[in-house]
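One structure is given below, encoded as structure tokens.
The values are calculated or read from the model by the stated rules, or taken from the named source; none is laboratory data. What you see is a predicted model, and the numbers here were worked out from it, not measured in a lab. Cβ: placed from backbone, ideal geometry, glycine included. Neighbour counts: every protein chain shown. In case anyone asks, the SASA skips ligands and DNA or RNA and just uses the protein heavy atoms, side chains included. Shrake-Rupley method; radii C 1.70, N 1.55, O 1.52, S 1.80 Å.
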Amino acid sequence: MRGLWSHLPLLTLASAAVCGSACVAALVAPGATPFSVVVMAMLVAPAAAAIGAVANAVVGVDDATFRQWWRACVVGVRHGIPAVLPLAVAGALFLVAVQVWQRTGQPVVLASVGVSGAVMVGLLPLTAAMLHLVTGLPHLSRTAQWRTAVELSVRWPVRFLAAPVLLAFGAWLATQLSASLLLLAPAPAALVGAAAFWTSAVETGRLSIEFTENDVLERESV
């Protein structure tokens, strides 16, 4: 967390990009609908991957630059969106099941609500791990990234749930007190997620925390 203060301008910019993307998504697809969930995921994913890259650099080498963030935004379009799509689809199916249950009132539909909700919650730590993997270990293939993300999130689910929970708490606090507080939520959540990712990666004994600026960013050949 020492890097939060020294990199505050860059983290604030990255947080503003996340919040701005969320605002655009809310304008394009307002309300809590299956369509709005998918739109939100696709528009926010690049900015989320970019702030994850900044957090990776802060945690790993205590040095992050604007250039890293900008390049990570580009990478996030190609690799961040696929990383969040499973969670977005699960969230959309959950909302569909809830709407069907509200309209029909049939108890059997509650099974679909429960299954889709459980899948959505189960995908939260996996998605959190993937958002750091796509920029933290870009030299891995897409299959290897998913395999590594599954391994890390299954072994340490609580660690990777910490960042989404912190982000959700910040969003709730913003609705209760002031909307401006929402700008403060993405950066701490990203740093917590980066700490969870690199701590878990090192504990596997297969991955190294040492990386350079080029390692944090894109694979143009893939």
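Surface composition of segment 1-153: carbon plus sulfur atoms hold 74% of the accessible area, using a 1.4 angstrom probe and ignoring ligands, DNA and RNA. How large is Rg over Rh for the chain, taking Rg from the Cα atoms and Rh as the Kirkwood inverse mean of 1/r across Cα pairs? In the chain, Rg relative to Rh is 0.98.
Full-extension gain between VAL154 and SER141, please, as 0.36 nm times their residue separation minus the C-alpha to C-alpha distance. Before the final figure, lay out each step's value.
Numbers: separation 13, 0.36 × 13 = 4.68 nm, distance 1.98 nm.
In short, 2.7 nm is gained.
Using a 10 angstrom cutoff on alpha carbons, build the Gaussian network for the chain and name the most mobile of LEU137, LEU191, LEU95. Ranking LEU137, LEU191, LEU95 by mean-square fluctuation puts LEU95 first. Looking at segment 20-104, the pairs of alpha carbons with a distance over 18 Å make up 51% of the total. The relative contact order of the chain comes to 26 percent, based on Cα pairs under 8 Å that sit 6 or more residues apart. Take every pair of alpha-carbon atoms less than 8 Å apart whose residues are at least six positions apart; their mean separation over the length of segment 46-162 yields a relative contact order of 28 percent. Label-to-label distance for ARG67 and ARG2 is 2.5 nm, based on points extended 7 Å past Cα in the beta-carbon direction.
When nucleic acids and ligands are ignored and a 1.4 Å probe is applied, THR143 ends up with an accessible area of around 90 Å². Kindly list the residues of segment 28-51 that lie in the label zone of THR12, defined by a backbone N under 18 Å from the point 7 Å along the Cα-to-C-beta vector. What the label zone holds, given the 18 Å backbone N cut-off, is 51.
Treating only the Cβ atoms of Lys and Arg (+1) and Asp and Glu (-1) as charged, compute the dipole magnitude of the chain about its Cα centre; round to the nearest 20 debye.
Result for the chain is approximately 400 debye, rounded to the nearest 20.
Helix 157-176 axis versus longest C-alpha principal axis of the chain: approximately 70°, rounded to the nearest ten.
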